[in-house]
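The structure under discussion appears below in the form of structure tokens.
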Amino acid sequence: MTTLKVGGASVELDEAKGWARTYLVERPRTSAYPAYDGYPGSLGDSVGPQDLLAVALLNVSNNPIPVYYGLESLVAPINERLEDPAIDGDLASAGAETLEAIVRLLGVLETTPARYVRLTTLSKVLHRKRPDLLPLFDDNIRYCYSECEGAPVPYEDGRSHSAYRLAWLKAVQEDLATQLPLWKEIAAIAPGPKITPLRALDIIGWELGKRRN
């Protein structure tokens, strides 16, 4: 029996594939797939106005208008940091320079704070621009990496946002890299548009968090 791990949570591979099949194939026009993953957005590698609407397709917020304007206020600093040549490649093989560049990118949340915009919201925009590199974050992913028994990035008093995010990125990277063939199997279930192994990890992490009780 093969076990798939996301942070401190785990599931048997065949069950995880069943979850993915339900999400990706068996609930047409009710799941966030393919709406989020196939949403056209803005052309190119930079964030544009169209990309800001993608967050609604993952049910991130009940306040879509202030979320949109909050994200809009961050577009310039986001794109400036996205231009860093280190923001490239895939997370499984990313080096220290790339991880640090991702932390700087996520740091726009502190340098240019915007109401209603947190890591959960921002990650929904950024993942679509670099789907192999920039992971998604939400309450269920937080549970897997910081709250469940055996979580690799437990909360620590006094730890900065940047230090937490770097530790989280390293933990996601380990789960992605050490189980990459399995994540590729799950990603291959998507009938189209294609998804990345990193998106597959998010789908299973979300399901694990949802079933926490």
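Just a few scattered comments:
- Cβ charges +1 (Lys, Arg) and -1 (Asp, Glu), total dipole of the stretch 3-210, debye: 500 debye
- Of GLN179, GLY8, LEU43, farthest towards positive along the dipole that unit charges on Lys, Arg, Asp, Glu beta carbons give the stretch 3-210: LEU43
- In summary, the stretch 105-151 shows an alpha-carbon radius of gyration equal to 1.26 times the 2.2 N^0.38 Å reference for compact globular proteins.
- Translational diffusion coefficient (Stokes-Einstein; Kirkwood radius from C-alpha pairs) of the stretch 1-126 at 10 °C, 1.306 mPa s, in µm²/s: 96 µm²/s
- Contact order for the chain, expressed relative to its length and based on alpha carbon pairs under 8 Å spaced 6+ residues apart, stands at 28 percent.
- Helix-derived mean residue ellipticity, 222 nm - over the chain, DSSP H n ≥ 4, -39500 (n - 2.57), to 500: -13500 deg cm²/dmol
- In the chain, the inverse of the mean reciprocal separation of distinct Cα atoms equals 17.4 Å; this is its Kirkwood hydrodynamic radius.
- Alpha-carbon centroid distance for the pair the stretch 137-182 / the stretch 63-81, whole angstrom: 25 Å
- Length gained when the stretch ASN59-ASP88 is fully extended (0.36 nm per residue, less Cα-Cα span): 7.7 nm
- Both radii were evaluated on the Cα set of the stretch 18-81; the Rg over Rh quotient, with Rh as the Kirkwood radius, amounts to 1.06.
Laboratory data are not the source of any read-out in this text; all were calculated from the coordinates shown. Since the structure is predicted, the reported quantities are computational estimates derived from the model, not experimental observations. FYI the Cβ positions are ideal-geometry reconstructions off the backbone, even for glycines, and counts take in every protein chain you see.
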